[in-house]
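The structure under discussion appears below in the form of structure tokens.
Laboratory data are not the source of any read-out in this text; all were calculated from the coordinates shown. Computed from a prediction, not measured in an experiment: that's the story for all the values here. Because the Cβ atoms are built from the backbone with ideal geometry, glycine has one as well, and the counts that use them run over all protein chains shown.
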């Protein structure tokens, strides 16, 4: 199956996003218009502290008019790779540097209208170095027990898609670690000890 683009019309060119109208022949042979938001891509991080807590940010999102609980994330700058973006944004939003960043997945948050791709990383070996927020970022960060963060998904306190994906991916791809996170605070074990047991 192939899709043929007949015409591309620029509707808006912004600092972050471009919006285009594409006239395309779909795989079924029909010719339709598609409005598409072109996005440079982003990186998001699931920062796990040695005590088993995940660092979430509570950020004001004007598009929905609410403060949302999210994992830290940011848009790729020109010629920036996802790993570099992840390292930069982690410090900016949470004030932590990570000695290890493992990519969990690359997701398409809204393929119905945008080509945005978000690279999700698990960030461990965290050291506090101080936040470096940009002047348009209104957020605070807070360490939260991992099992509590998962409960925040089911009770609707976390609605952000990349955050839901990141937390669930972490729980799926690090099952032994996440199984024991609820016990870390009780036993005093560190993530390093848990990793040595696996």
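For the pair residue 25 and residue 97, how long in nm is the line joining their label points, each one 7 Å along Cα→Cβ?
Taking the simple label geometry, residue 25 and residue 97 are separated by 5.6 nm.
Mind giving me the nanometre distance, one decimal, between the label points for residue 17 and residue 67, set 7 Å out from Cα along Cα→Cβ?
Once both label points are built, they end up 2.4 nm from each other.
Rounded, prolate or oblate, given the Cα gyration tensor of region 3-53, with a/c below 1.5 counting as rounded?
Oblate.
For residue 161 and residue 6 in the same chain, what is the full-extension length gain: residue separation times 0.36 nm, less their Cα-Cα distance, in nm?
Here the segment from residue 161 to residue 6 would lengthen by 52.5 nm.
Separation between the residue 168 and residue 154 pseudo-spin-labels, each 7 Å from Cα along Cα→Cβ, expressed in nm?
About 1.3 nm separates the two model spin labels.
Treat the count of other C-beta atoms within 10 Å as a stand-in for reagent exposure and order 146, 67 from fewest to most.
Listing 146, 67 from fewest to most nearby Cβ atoms yields 67, 146.
Fully extended, how many nm does the chain gain between residue 128 and residue 78 (0.36 nm per residue separation, minus their Cα-Cα distance)?
Net length gain for the segment: 15.3 nm.
Counting other beta carbons within 10 Å of each Cβ, put 124, 94 in order, fewest first.
124, 94
Return the whole-Å distance between the Cα centroid of region 70-114 and the Cα centroid of region 1-65.
If you average the Cα positions of each part, the centres end up 15 Å apart.
Let a ≥ b ≥ c be the square roots of the eigenvalues of the Cα gyration tensor of region 58-176; is it rounded (a/c under 1.5), or, if not, prolate (a/b larger than b/c) or oblate?
rounded
Among 48, 68, rank each residue by its count of other Cβ atoms within 10 Å, from fewest to most, as a rough exposure measure.
68, 48
How much length, in nm to one decimal, is gained on full extension between residue 113 and residue 34, taken as 0.36 nm per residue of separation minus their Cα-Cα distance?
That works out to 27.6 nm of additional length.
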